[in-house]
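What follows is a single structure, written as structure tokens, with notes after it.
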Amino acid sequence: MTALLPEGFRDRLPPFADAAARLEAAILGAAYAHGYERTDPALAEFESGLAGRLKAARAQDAVRFVDPVSQATLAIRPDMTAQIGRIAATRMGHHPRPVRLSYAGPVLKLRASQLSPERELRQIGCELIGLDTVPAAVEVVRVAVEALEAAGVTGVSIDFTLPDLVATLAAGPLPLDAALVPTVRDRLDAKDAGGVAEIAPAYLPLIEAAGPFDMAHDRLCALDAKGALTSRLDGLWRIAESVRGRVALTLDPTERHGFEYQTWLGFSIFADGVRGEIGRGGSYTIVHEDGAEEAAVGFSLFADAIVAAGLGDIERRRLFVPLGTDPALAAAKRAEGWVTVAALEAGDTPEAQLCTHVLVNGKERGI
């Protein structure tokens, strides 16, 4: 039993841990070039602060425990976005807006699903605090795409959604009893046409308004006869145009799963060869200590899914340095970008050290 780990946990071994570190460095480096400076939140904090920082967010997914020092209930972060919101609202509350922050670290889920059994995950992301305008969203989406490109991730697609779409329509062109809004939203999310037709048939066209971005956008525009969605749809088009040609684009306007605290914009990021999402983002609201609300927009990437699929990895080049080789020669090879592995005793072999090349007469020879 001493060698086993709890369900949903795992050790990250070479070369996957190295690949994850390279991925993280590439993503954060690209973000830093756009002005997103890194912050490193605490692994755990008071449950009350973590649960209430993002408007409409819930804390059911957090692992809780009683702190033996303070006797208060603490929570291990299931997501780092709320922590970035806390930092921006408190310790950086005096900072001119917008605040651009990046982060990377482990998160812990209370429960996992059969499709995604991992409970301990590595999250990397960026948050722009103080704005959720179209230009702010354009920047965040472009930074996400550029960061993935810098990390060597290919075959990327982005699926946009409008998390507050049903509430907006219910309050305007398609009136709906407030008590029915959650039910209609859930049935639309599940693509339950029969269930939607039963209580709100006027919302059925929203199910069909999903698919390739241009087609889905046109269908939403046709549905928006009274103009209640014009600003949202125009903004969404501008965001999509900013990354058109670099990634594939789709639109599912009623997707809600995973977007419980997002406001007008949400998006999921996918990549070829990866089951499920490799990232998620959108606009949201941060709640300050005095109850004031502040807009924000950001994205998070899931490093484990990217690394497990072999995306963003680089060629593994390990050069075996035989016993007795001049250390200066090995240093010169490292300066050229090689990883050198020195033999420490007679009988050591390149194969035993998982090397791809061996140093022979000062030259690299493939194995």
Determine whether Asp186 is over 23 Å from Leu148 (Cβ atoms) and not hydroxyl-bearing (Ser, Thr, Tyr). yes
For region 356-364, check the following and say yes or no: at least one residue is among the small types (Gly, Ala, Ser), in contact with a helix residue (DSSP H, G or I) (Cβ under 9 Å, 6 or more places away or on another chain) and modelled with pLDDT under 95. yes
Scope region 94-111; condition open to solvent by less than 50 Å² (accessible area, probe 1.4 Å) and more than 13 Å from Ala62 (Cβ to Cβ); matching residues: Pro98, Val99, Leu101, Ser102, Tyr103, Ala104, Gly105, Pro106
Selection from region 30-55 of residues open to solvent by 40 Å² or more (accessible area, probe 1.4 Å), part of a helix (DSSP H, G or I), closer than 28 Å to Val153 by Cα and not hydroxyl-bearing (Ser, Thr, Tyr) yields Ala33
Does Thr154 satisfy the criteria of being at negative phi, among the polar types (S, T, N, Q) and exposed (fewer than 15 other Cβ atoms within 10 Å of the Cβ)? yes
Are there any pairs, at least 6 apart or on different chains, whose C-beta atoms fall under 9 Å, with the first in region 202-227 and of a type in the set (Asp, Glu) and the second open to solvent by less than 50 Å² (accessible area, probe 1.4 Å) and part of a loop (DSSP other than H, G, I, E, B), and if so, which? Asp218/Ala209; Asp224/Pro173
Can Arg91 be described as open to solvent by 70 Å² or more (accessible area, probe 1.4 Å) and in contact with an Asp or Glu (Cβ under 7 Å, 6 or more places away or on another chain)? no
Please list, ordered by first then second residue, the pairs with beta carbon atoms under 8 Å, 6 or more apart or interchain, first in region 327-354 and under 19 Å from Pro14 (Cα atoms), second open to solvent by 70 Å² or more (accessible area, probe 1.4 Å) and assigned to a helix (DSSP H, G or I). Thr340/Arg334
If you take the residues in region 120-150 that are touching a Pro at 6+ places or on another chain (Cβ under 7 Å) and not hydrophobic (A, V, I, L, M, F, W, C), which one is most open to solvent (accessible area, probe 1.4 Å)? Arg122
Per the filter on region 341-365, residues open to solvent by less than 30 Å² (accessible area, probe 1.4 Å) and either out of contact with any Cys (no Cβ under 8 Å at 6 or more places or on another chain) or assigned to a loop (DSSP other than H, G, I, E, B) (or both) are Ala343, Pro350, Cys355, Val358, Leu359, Gly362
Give me the pairs: first residue in region 2-25 and exposed (fewer than 13 other Cβ atoms within 10 Å of the Cβ), second residue assigned to a helix (DSSP H, G or I) and small (Gly, Ala, Ser), beta-carbon distance under 9 Å, and six or more apart or on different chains, which are they? Asp11/Ala17
Any residue in region 99-121 that's touching a residue at least 24 places away in the same chain (Cβ under 8 Å) and among the small types (Gly, Ala, Ser): show its pairings with residues that are assigned to a strand (DSSP E or B) and open to solvent by 40 Å² or more (accessible area, probe 1.4 Å) at Cβ separation under 8 Å, as long as the two are six or more apart or on different chains. Ser102/Glu37; Ser102/Arg38; Ala104/Arg38; Ala104/Arg122; Gly105/Arg122
Only one of (1) open to solvent by 30 Å² or more (accessible area, probe 1.4 Å); (2) over 26 Å from Val140 (Cβ atoms); (3) among the β-branched types (Val, Ile, Thr) does not apply to Thr230, and that is (2)
Within region 286-308, which residues are open to solvent by 40 Å² or more (accessible area, probe 1.4 Å) and farther than 17 Å from Lys55 by Cα? Phe302, Ala308
Expected single match for among the β-branched types (Val, Ile, Thr), open to solvent by less than 30 Å² (accessible area, probe 1.4 Å) and over 26 Å from the mean Cα position of the chain (by Cα) among Val166, Val184 is Val184
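The values are calculated or read from the model by the stated rules, or taken from the named source; none is laboratory data. Note that this is a predicted model, so its numbers are computed, not measured. All Cβ positions, glycine included, derive from the backbone under ideal geometry; neighbour counts span all protein chains shown. The accessibility values were calculated without ligands, DNA or RNA, using every heavy atom of the protein model including side chains. Shrake-Rupley method; radii C 1.70, N 1.55, O 1.52, S 1.80 Å.
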